[in-house]
Amino acid sequence: MAQGQTKGKYWLGNNPNAQITNAEITELGTISETDFGVVSDLTASAAEINANCDVLTEAVTTTNAIAASETGTHFVLNTATAFVSTLPAPAAGLEFWFHAGVTQVTGGNHTIVTNGSANVIVGSLSSREDAAGVVVCHALADTISFVADKAVLGDLAHVWSDGTYWYLDGHCFVQDGMTTTQAS
């Protein structure tokens with residue numbers, strides 16, 4: 001360190017008390033992202049990075065054909081009138097969340113169905129009211145239902161695909177507030 005040069009405290013490397021000189025700070029300012037290999041090591045596009053950083057939310061009040069490009073979206077089901085949300089064909093990495101909104105469904109069930117009625121929904125639903133911890137689910141289902149007059153604000157279904165199946169992880173306040181079925 002040069003005569004008369006003092007070290008100041010800076011937040012550096014997760015250390016709020018790091019000691020470094022002003023000259024060293026100036027030198028750090030000349031290093032670019034490519035010097036560290038940060039940019040050259042990226043394999044994702046800017047759009048892919050941004051899509052994974054955004055929390056996508058859509059209020060749904062009518063029939064909804066979901067596109068694969070909507071992966072990561074949280075759909076809030078928010079109308080008393082029942083409607084159908086159709087999942088895209090399973091593809092590795094696709095995932096969606098469905099939340100019961102403030103307006104409780106009363107005119108039939110909100111349903112989430114597979115495209116072409118494929119029996120590819122597997123997984124479980126849980127409820128705090130169920131002593132066993134898991135609501136009965138149909139193996140290889142094609143429909144998830146938010147049940148009229150029973151599904152309440154905060155009930156949710158998360159589905160994720162490996163390219164073959166839709167894996168369900170769902171939670172409902174009332175034991176039979178959500179169900180899975182095999183229509184075909």
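The values are calculated or read from the model by the stated rules, or taken from the named source; none is laboratory data. Since we're looking at a predicted model, the values are computed, not measured. Every residue, glycine as well, gets a Cβ built from its backbone with ideal geometry; the counts of neighbours run over all protein chains shown.
Some notes on this structure:
- Of all residues in segment 17-59, those that are touching a Lys or Arg at 6+ places or on another chain (Cβ under 6 Å) and either modelled with pLDDT of 75 or more or loosely packed, with under 11 Cβ neighbours inside 10 Å (or both) total 1.
- So residue 62, is it in the same structural domain as residue 115 (by TED's automatic domain parsing) and either part of a loop (DSSP other than H, G, I, E, B) or modelled with pLDDT under 70 (or both): yes
- Residue within segment 80-103 that is crowded, with 17+ Cβ neighbours inside 10 Å, of a type in the set (Val, Ile, Thr), modelled with pLDDT under 95 and closer than 25 Å to residue 173 by Cβ present: no
- Applying the criterion of being of a type in the set (A, V, I, L, M, F, W, C) and either assigned to a loop (DSSP other than H, G, I, E, B) or free of Cβ contacts under 8 Å to residues at least 40 places away in the same chain (or both) to the residues of segment 65-77, the residue that is surrounded by the fewest Cβ atoms within 10 Å (Cβ to Cβ) is 67.
- Tally, over segment 83-104, of residues that are of a type in the set (A, V, I, L, M, F, W, C) and either touching an Asp or Glu at 6+ places or on another chain (Cβ under 8 Å) or free of Cβ contacts under 8 Å to residues at least 40 places away in the same chain (or both): 6
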